[in-house]
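First up is the structure itself, then whatever we jot down about it.
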Amino acid sequence: MSNVQQIISAAKRHLNKKDVELIKKAYNFAERVHSGQKRLSGEPYFIHAVETAKILASIDMDAQTIATGLLHDTIEDLRTTEEEVGKEFGEDILFLIKGVTKLGTLKYRGHERHVESLRKFFVAMANDIRVVIIKLADRLHNLRTLEYVREDKRKRIALESIEVYAQLASRLGIRKLKGEIEDTAFPYVYPKESAQVDEIIKEKKLSYQKSLSEIQKILALELKKNKVKVAKFDSRMKHKYSLWKKLTKKEMDIEKIYDIVALRVVVETVEECYRVLGIIHSLWKPLPGRIKDYIAVPKPNGYRSIHTTIITENGIAEIQVRTEQMDIEANYGVAAHFAYKDQDDKKPLDNKEKFKWIEELNNLHYAPGDPKNFLEHLKMDFFSRRIFIFTPKGDVIDLPEDSCPIDFAFSVHSDVGYHITGSRVNGKISPIFSKLHNGDMVEIITKKDAKPSVKWLESVKTSIAKKHIRSYLEKNTLLSKLKSFGKS
Ligand code: MN
């Protein structure tokens with residue numbers, strides 16, 4: 001099978017003739033631009049573009065996004081121009097490529113305190129969720145070839161992948177990418193622990209699978225008796241990294257983890273999901289406190305399913321019940337919404353719960369059944385009221401619009417705030433009251449005897465700065481009053 005055929009057959013959704021043409025065109029274009037270039041692994045550079053596109057196809061993305069996967073590194077190359085790409089592929093694809101290229105400049109330096117800001121900054125810079133998704137696919141392939149990267153860089157890239165990229169995939173509900181990014185990065189960040197988990201899995205896998213297939217047999221029979229049509233049985237093994245995270249919370253005791261493997265029952269309707277739950281509980285006793293109805297109350301990233309943990313004679317097992325649509329969304333999250341553009345029967349859901357994390361920063365509403373509107377909304381500025389400021393070390397701190405260096409100083413540390421006397425913005429001396437702008441790099445100059453003044457309150461925007469300045473002023477006016485009282 002040729003490379004381009006591999007991409008097309010990796011697609012989860014149906015691609016029409018026009019889609020296939022676009023992908024082929026992007027393929028030929030990228031192949032020409034990257035010809036002669038090599039990766040650190042010695043492979044032709046173009047393989048990276050192909051693999052990125054394959055990953056995007058496999059998580060249910062649309063043809064435009066798959067094509068962008070092929071083209072994502074082309075404008076970095078001097079053998080083509082933005083004009084040429086725009087002329088050949090249109091403004092939409094050019095916009096996506098430029099977004100991906102821009103994100104490439106962002107570096108994580110391992111300062112955990114501000115990781116959350118970095119994630120927000122990443123999404124803000126991207127402007128379009130598809131850019132983030134392409135970047136996630138790009139990173140996953142880079143992780144797969146990480147062994148060829150210089151040793152001192154490996155750990156930084158792997159840690160960044162876990163802290164920033166996998167978390168973003170999780171927030172977007174793309175569990176497939178989240179799991180793969182984490183598991184590929186895991187051995188580079190925590191080699192010993194990863195080997196330990198491999199051992200555990202090797203030891204337990206078979207017995208777990210045996211007991212699951214036993215459960216499946218019994219359940220299938222009972223469902224048939226009750227005339228419930230099962231679309232699909234499926235079993236999944238917990239991803240290695242998330243298993244390890246869980247182990248660390250359970251004193252490394254594998255017996256305390258009940259969802260290392262889970263049986264999935266996919267049925268047609270929501271009503272059937274609840275019927276299946278009832279039937280499961282009539283066959284086995286559920287473990288109290290472990291019945292979770294994420295259909296009635298979805299997780300913040302939109303995940304929906306019913307989970308229950310049952311006690312069988314072979315031990316404890318988790319069963320997950322969901323509809324087909326929920327199953328697709330569970331794996332592909334936001335990406336799943338690109339899949340049903342032209343299928344009337346599977347419209348995206350109007351689910352306000354879905355993007356809580358993004359919604360908290362701004363709204364990502366879209367009309368149900370209107371994919372075009374949905375795409376439009378993906379392009380909006382999620383973070384219009386926030387700005388992202390870098391410390392000299394490369395940490396990102398997010399602040400409200402119109403914040404000034406005093407706000408920044410207090411966000412770094414209250415002591416820095418109390419003693420700020422000047423600031424350098426992008427290397428230039430600037431007043432501590434000046435307005436900061438997105439992407440500024442700010443350095444704070446402090447002096448031991450500098451102290452807050454009433455005037456500061458007029459310029460600061462953050463509540464943390466206001467709080468500290470006020471409490472300082474209150475304390476000190478009281479003090480000076482006391483002092484002058486003592487003197488008279
Ligand atoms: Mn790349």
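The values are calculated or read from the model by the stated rules, or taken from the named source; none is laboratory data. What you see is a predicted model; the values in this text were computed from it and never measured. Note that we place each Cβ from the backbone using ideal geometry, even for glycine, and neighbour counts take in every protein chain shown. With ligands, DNA and RNA removed, areas are computed over all heavy atoms of the protein, side chains included. Shrake-Rupley method; radii C 1.70, N 1.55, O 1.52, S 1.80 Å.
Observations on the model:
- Region 1-53, relative contact order [Cα under 8 Å, separation at least 6], %: 33
- Restraint check, K448/K475; K192/K245; K102/K467; K135/K428; K224/K246, Cα-Cα greater than 25 Å: K102/K467; K135/K428; K224/K246
- Taking every C-alpha pair closer than 8 Å and separated by at least 6 residues, the mean separation divided by the residue count of region 412-479 gives a relative contact order of 31 percent.
- Potential lengthening between V454 and V230 on full extension [0.36 nm per residue; Cα-Cα distance subtracted]: 73.7 nm
- Under the criterion of Cα pairs below 8 Å and six or more residues apart, the relative contact order for region 185-319 equals 22 percent.
- Gain upon complete extension [H437, S9; 0.36 nm per residue less C-alpha separation]: 149.5 nm
- When the solvent-accessible area of region 182-328 is split by element, carbon and sulfur atoms take up 53 percent of it, the probe being 1.4 Å.
- Virtual paramagnetic centre 7 Å along Cα→Cβ of M237, amide N under 20 Å, in region 134-164: 144
- Subtracting the Cα-Cα distance of E21 and E313 from 0.36 nm times their residue separation leaves 99.6 nm of extension gain.
- Treating r as the C-beta distance of K245 and K292 and R0 as 22 Å, the FRET efficiency rounds to 0.75.
- Classified by the C-alpha gyration tensor, region 285-327 has a prolate form. Its axis ratio a/c, with a ≥ b ≥ c, is 1.5 or above, and a/b is larger than b/c.
- Taking packing as the residue-averaged number of other Cβ atoms within 10 angstrom, the listed peptides 154-162, 242-250 run from highest to lowest as 154-162, 242-250.
- Seen through its C-alpha gyration tensor, with square-root eigenvalues sorted a ≥ b ≥ c, region 226-345 comes out oblate because a/c lies at 1.5 or above while a/b is not bigger than b/c.
- With the highest mean first, a sort of the peptides 306-312, 324-330 on other beta-carbon atoms found within 10 angstrom per residue produces 324-330, 306-312.
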